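J.: Here you go, one structure.
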Amino acid sequence: MTTLDILDRLIAFPTVSADSNLALVDWVEDYLRQRGATVHRIPDPTGRKAGLFASFGPAGDGGVMLSAHTDVVPVAGQPWTRDPFRLSREGSRVYGRGTTDMKGFVAAMLRAADLASARPLAEPLKLVLSYDEEVGCVGIAEMMPTLLPLVGRPRLCIVGEPTSMRIATGHKGKAAYRATCYGEAGHSAMAPLFRNALHLGADVLGALRGLQDNLAANGARDAAYEVPFSTVHAGKMAGGTALNIVPDLCTIDYEIRHLAAEPLEPMEDRLTAAAHQIGHVTLERTNAYPGLDVAPDAPAVSALAALLPDAELTKVGYGTEAGHFHAAGIPTLVCGPGNMDQGHKPDEFIEIAQLDACDRMMDRLVETLSA
C-alpha cells in the first residue's frame, strides 16, 4: 500500500477526541501484526480508546521511534465543502480531517513499517500511536509508564507533527488552570451588600493580564518563536444566572505557555499570591505537559539531519507529545509533513509533495536501520 492508500483508510475513521478510536486501532494493529510486528495495545482508563506500541527488529534499547497521535479535532460547526472523513484529491493536495494533523505522518509511519518488515534490521524500528493528544497530550502521559519496559529506549524519537519537514528542536510547555471565584447570591437591588463573583473574576483577569505584561517586558525570550516570550491566556469565563441575581460563582479557565528557560513555579506563585489578596478565589491546575528544548548541536539533531539533507531547524508555537518523551530521557525532535496553518480548519489539506518528502525520509531511515 502507498502512503496515500493508507491515508485514505485512516481518514475514514472519525477519531474526534470526544469519540472512540478503537476501530482505527483495530485496523492498525491488524496491519502491523500481519507484517510481523511485536504489538502492545495500551487501553485508556475508560476502555473506549487505546494506543499502540509496536516494534520491528531486535528487541531492547536502541533504534528509532516514530510517534503520532490518532485523534483529530472536531468538524462540527465548520463550513466544510467536502466530506471531512473521506479523502479527496484536488490538484496537488488531498483533503480530509487529519490529513495534516496528523494522519499524514501516521500513513507514512505505516508504509515505513511495511518496508521494515521485509528487511533484516540491525536496529529496531519502534512505533507509538497515542490517543487524546488534542485535549492536552493526555493519552501519551497515561501511556508513558509502560513505554520503556515494553519497547526499550530508542536513540532517537521523531514526533511527526506538521513542520513542513523542517526539524523542530523546541516548543513551549503548557499548563491549564481553573480559577473559581466564590460570591454571595442576593437580589440585585441590594447588590452592594453581597460579594459579586464576577467582580472577583474581573480581578483575576487583571492579575492574569498583569502577569502577561510582566512576562512580555521582563521574562525570558527566545527569538526562534513567533511570540518570543511566555504567554498567559484566559480562554473561558462563566458565571451568573440572571441579571437580577448577584452571582455567587464564577469560573475562569486559563493557560500558561512557557519557554523551557522559564519555569512555571514563579508564575504560579505570583498568581496564587494575587488570588489570596483578592480573596474567595481558588486556583487549580487541571493539566500540563512539558516543553521541548534541544541544542542544535545535539546528537539527535545530527541523526535526523542525516535523513533530511538541507532541512532547516525551527521551533514550533504549538505543543506536542515530544516534551513527554524528552522528559523521560529519550532524545526527541519534531518533524513531519504539512503545515499547521492547515490544521484544525475546515477543508484541512496536505500537499502531496509533503507526503512524498516524508516518504523519502522514511526510506532513508529504514535503510539506516538495515545497515
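The values are calculated or read from the model by the stated rules, or taken from the named source; none is laboratory data. Computed from a predicted structure; not experimentally measured. Positions of Cβ are backbone-derived with ideal geometry, glycine not excepted, and every protein chain shown enters the neighbour counts. Accessible surface areas use protein heavy atoms only, side chains included; no ligands, DNA or RNA. Shrake-Rupley method; radii C 1.70, N 1.55, O 1.52, S 1.80 Å.
J.: Take the Cα pairs of the range 254-295, get the Kirkwood Rh, then feed it into Stokes-Einstein at 4 °C and 1.567 mPa s and tell me D in µm²/s.
T.: 109 µm²/s
J.: Something else now. Roughly what % of DSSP beta bridges within the chain run antiparallel, to the nearest 5?
T.: The answer is about 75 percent antiparallel.
J.: Grab the beta carbon distance between R221 and E284, set R0 = 25 Å, and tell me the FRET efficiency rounded to 0.05.
T.: 0.30
J.: Need the full-extension length gain, T241 to W80, defined as separation in residues times 0.36 nm minus the C-alpha distance. One decimal, nm.
T.: Here the answer is 54.5 nm.
J.: Where the centroid of each part is defined by its Cα atoms, how far is the range 293-338 from the range 86-106 in Å?
T.: 23 Å
J.: Something else about it: The range 1-90: which trypsin sites (Lys or Arg not before Pro) are DSSP loop and have at most 14 other beta-carbon atoms within 10 angstrom?
T.: R48, R82, R86
J.: While we're on this one: Could you check the simple spin-label distance between A261 and D363, using points 7 Å along Cα→Cβ, in nm with one decimal?
T.: 4.0 nm
J.: Using the Kirkwood radius over Cα pairs, work out the Stokes-Einstein diffusion coefficient for the chain at 10 °C and 1.306 mPa s, in µm²/s as a whole number.
T.: The calculation lands on 72 µm²/s.
J.: Leaving out ligands, DNA and RNA, what percent of the accessible area of the chain is carbon and sulfur, probe 1.4 Å?
T.: Carbon-and-sulfur percentage of accessible area, whole number: 53.
J.: If the reach is capped at under 19 angstrom between alpha carbons, list the lysines near K345, excluding any in the same chain fewer than eight residues apart.
T.: K103
J.: If you don't mind, another one. Read phi for every residue in the range 333-344 and hand back ³J(HN,Hα) as whole Hz from Karplus 6.51 cos²θ - 1.76 cosθ + 1.60, θ = phi - 60°, with x for Gly and Pro.
T.: Each residue of the range 333-344 in turn: 9, 10, 6, x, x, x, 10, 5, 4, 8, x, 6 Hz.
J.: With the radius of gyration and the Kirkwood radius both derived from the Cα set of the range 235-359, what is their ratio Rg to Rh?
T.: On the Cα set of the range 235-359, Rg over Rh gives 1.12.
J.: Calculate, for the range 1-159, the solvent-accessible area per residue in square angstrom, rolling a 1.4 angstrom probe over the heavy atoms of the protein chains.
T.: 37 Å²
J.: Pull out a ≥ b ≥ c, the square roots of the eigenvalues of the alpha-carbon gyration tensor of the range 1-116, then state rounded if a/c is under 1.5, prolate if not and a/b is larger than b/c, and oblate in the remaining case.
T.: Oblate, because a/c is 1.5 or more while a/b does not exceed b/c.
J.: Also, quick follow-up: Tally Lys/Arg at +1 and Asp/Glu at -1 over every other residue whose Cβ is under 10 Å from the Cβ of T286; what's the total?
T.: Residues close to T286 contribute a combined charge of -1.
J.: Counting GluC sites (Glu not before Pro) as exposed when in a DSSP loop with at most 14 other beta carbons within 10 Å, what is the longest stretch of the chain free of them?
T.: 1-183
J.: Would you grab the residues whose amide H sits under 5 Å from the one on G160? Only those 5+ places off in sequence or on another chain, please, with H modelled 1.01 Å from N.
T.: Residues meeting the amide H criterion: S67, C335.
J.: Now, a different point. Tell me, in nm to one decimal, what length is gained between D269 and A295 on full extension, where the rule is 0.36 nm per residue of separation less the Cα-Cα distance?
T.: 6.5 nm
J.: Dimensions of the range 308-348 along principal axes (Cα, Å, largest first)?
T.: Computed over the Cα atoms, the extents are 38, 26, 14 Å.
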